[in-house]
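Below: the structure, in structure tokens.
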Amino acid sequence: MQNQLSRVEPFNVKINGTCVFPITEDGDYPFVALINKDSSKELIELRNNIATEFNERGISYSKKYDFTPHITLKYFDIPEK
């Protein structure tokens, strides 16, 4: 997998805006910058290649949601009541 990753050339993406994803299993809210899907073909291809490698090697990862191209900026804790 390291060989595949070392061959990835830098690429540009376009940010569409920000949002908060659903609460994580750890009780955090991910604050993310959403990436324009039309500008992220390389990112989607990279993610698909990593997912394929994980599947072939038996490495688990979350498949709970469809892939949404994004950059996680911060995790917000839920305030205790």
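Brief remarks follow.
- Here the range 1-44 has an Rg and Dmax of 14.0, 36 Å, counting Cα atoms alone.
- With the highest mean first, a sort of the peptides 42-50, 21-29 on other beta-carbon atoms found within 10 angstrom per residue produces 42-50, 21-29.
- Net charge contributed by nearby residues that have their C-beta within less than 14 Å of Thr24 (K/R +1, D/E -1): -2
- Protection proxy ranking of 30-40, 52-62, 66-76 - average other beta-carbon atoms within 10 Å, highest first: 30-40, 66-76, 52-62
- Backbone geometry of the range 24-36 corresponds, through the Karplus equation with coefficients 6.51, -1.76 and 1.60 at θ = phi - 60°, to 3J(HN,Hα) couplings of 7, 5, 7, x, 10, 10, x, 9, 10, 9, 7, 9, 4 Hz, x marking Gly and Pro.
- Acute angle (nearest 10 degrees) that the helix 41-57 long axis makes with the longest principal axis of the chain, alpha-carbon atoms: 80 degrees
- For the chain, calculated [θ]222 nm from helices alone, where every DSSP H run of n ≥ 4 adds -39500 (n - 2.57): -8000 deg cm²/dmol
- About the Cα centre, charge dipole magnitude for the range 15-81 (Lys/Arg +1, Asp/Glu -1 at Cβ), debye: 120 debye
- Electrostatic bookkeeping for Glu42 treats Lys and Arg as +1 and Asp and Glu as -1; over the other residues with beta carbon under 14 Å from its beta carbon, the sum is +2.
- Relative to the current alpha-carbon distance between Leu5 and Lys64, full extension at 0.36 nm per residue lengthens the span by 18.8 nm.
- Across the chain, Cα-Cα pairs farther apart than 15 Å form 66% of the total.
- The residue list Thr24, Asn12, Leu34 was ranked by how far each Cα lies along the charge dipole of the chain toward its positive end, using unit charges on Cβ atoms, and Asn12 comes out on top.
- Cut-off under 5 Å, modelled amide H: who pairs with Asn16 long-range: Leu34, Ile35, Asn36
Read the figures in this text as sums done on the coordinates, not as results from a lab. Just so you know, these numbers come straight off a predicted model, no measurement behind them. Positions of Cβ are backbone-derived with ideal geometry, glycine not excepted, and every protein chain shown enters the neighbour counts.
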